[in-house]
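Enquirer: Can you keep this structure in mind? I'll have questions shortly.
The values are calculated or read from the model by the stated rules, or taken from the named source; none is laboratory data. As the structure is a prediction and not an experimental result, all values here were calculated from the model. FYI the Cβ positions are ideal-geometry reconstructions off the backbone, even for glycines, and counts take in every protein chain you see.
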């Protein structure tokens, strides 16, 4: 009879502040012998690694996994399969592995693809997901304003959306969230200016972190040099709470 496989846990560890991790995720993080997370860039730790580091103990094995920031499906699939192979060796030894991802583990998260790849390679592995605080909710808290109220419709656009998609979202929803907006901020600003929505828009960078910055009323900010982790919230309706 073969030895039992380890289990894979995906935990959302929040947008930046280590104290925003849930109690359940923290307990899972502490009890798993192997902790994986997306590798950082340029010799620096990644966001998820930075968040969980205060909670780790010296006996835990840390496994950074490389995921490229590209759109090419073949390149991404190779990375996911490679990451699954890396943690698969620990699972075959019967060790539980926890994968820490910033925000929530089911919200535009790399964990989704990692879990699929692991189950393709080892179908008997049990996979569990523990939710976390995602960046739009943390940004609303930082702004001190509700994200949505009453019957408002919410649209969330991930990175690398098209501007046509943004136009449609602004037509159809009362609240629009643009994640990772830095690369297209000038184009977005021009659209919001044309629609007279700049006063109803806010940008939050490094949400909940020690270096968090809030930009109110984008009328005053036609040009911003934004970091990768930047989020923009637009309240489009007349009864928006930011007026």
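Enquirer: Go over the candidates 94, 132 one by one and state the one that is under 29 Å from residue 216 (Cβ atoms) and in a loop (DSSP other than H, G, I, E, B).
Expert: 132
Enquirer: Looking at region 165-209, which of its residues are under 23 Å from the mean Cα position of the chain (by Cα), assigned to a loop (DSSP other than H, G, I, E, B) and without any contact (Cβ under 8 Å) to a residue 12 or more places away in the chain?
Expert: none
Enquirer: Exactly one condition in (1) more than 15 Å from the chain's Cα centre (by Cα); (2) surrounded by fewer than 20 Cβ atoms within 10 Å (Cβ to Cβ) is false for residue 17; which is it?
Expert: Here residue 17 meets the rest and fails (1).
Enquirer: Hey, another quick one. Based on what the data block shows, is residue 106 at pLDDT below 95 and either surrounded by fewer than 20 Cβ atoms within 10 Å (Cβ to Cβ) or over 16 Å from the mean Cα position of the chain (by Cα) (or both)?
Expert: When the stated conditions are applied, residue 106 does not pass them.
Enquirer: I'm checking my understanding of the structure. Among residues of region 40-49 that are within 25 Å of residue 139 (Cα to Cα) and out of contact with any helix residue (DSSP H, G or I) (no Cβ under 8 Å at 6 or more places or on another chain), which one is surrounded by the most Cβ atoms within 10 Å (Cβ to Cβ)?
Expert: Here the residue is 48.
Enquirer: Looking at region 81-99, which of its residues are within 20 Å of residue 112 (Cβ to Cβ) and either loosely packed, with under 15 Cβ neighbours inside 10 Å or without any contact (Cβ under 8 Å) to a residue 60 or more places away in the chain (or both)?
Expert: Correct list: 81, 82, 83, 84, 85, 86, 88.
Enquirer: Confirm whether residue 67 is more than 20 Å from residue 132 (Cα to Cα) and in contact (Cβ under 8 Å) with a residue 12 or more places away in the chain.
Expert: Yes: the conditions hold for residue 67.
Enquirer: Filter region 59-90 down to residues that are at pLDDT below 95 and within 23 Å of residue 27 (Cα to Cα), then give me how many there are.
Expert: Matching residues across region 59-90 total 0.
Enquirer: Test each condition in (1) assigned to a loop (DSSP other than H, G, I, E, B); (2) within 25 Å of residue 50 (Cα to Cα) for residue 222 and report the one that comes out false.
Expert: It is condition (2) that residue 222 fails.
Enquirer: Inspect region 51-69 for any residue being closer than 22 Å to residue 142 by Cα and exposed (fewer than 14 other Cβ atoms within 10 Å of the Cβ) and give the result as yes or no.
Expert: No, that holds for no residue.
Enquirer: Moving to a separate point now. Can you tell me which of 163, 114, 157 is exposed (fewer than 15 other Cβ atoms within 10 Å of the Cβ) and touching a helix residue (DSSP H, G or I) at 6+ places or on another chain (Cβ under 7 Å)?
Expert: 163
Enquirer: Ok, one more. Restricting to region 146-164, and then to whatever is in a loop (DSSP other than H, G, I, E, B) and touching a strand residue (DSSP E or B) at 6+ places or on another chain (Cβ under 8 Å), can you tell me which residue is nearest to residue 180 (Cα to Cα)?
Expert: Only one residue tops the list, namely 159.
Enquirer: Could you tell me whether residue 76 is surrounded by 14 or more Cβ atoms within 10 Å (Cβ to Cβ), farther than 19 Å from residue 128 by Cβ and under 19 Å from the mean Cα position of the chain (by Cα)?
Expert: In short, yes.
Enquirer: What is the number of the single condition among (1) out of contact with any strand residue (DSSP E or B) (no Cβ under 7 Å at 6 or more places or on another chain); (2) surrounded by 14 or more Cβ atoms within 10 Å (Cβ to Cβ); (3) at pLDDT 95 or above that residue 31 does not meet?
Expert: Failing condition for residue 31: (2).
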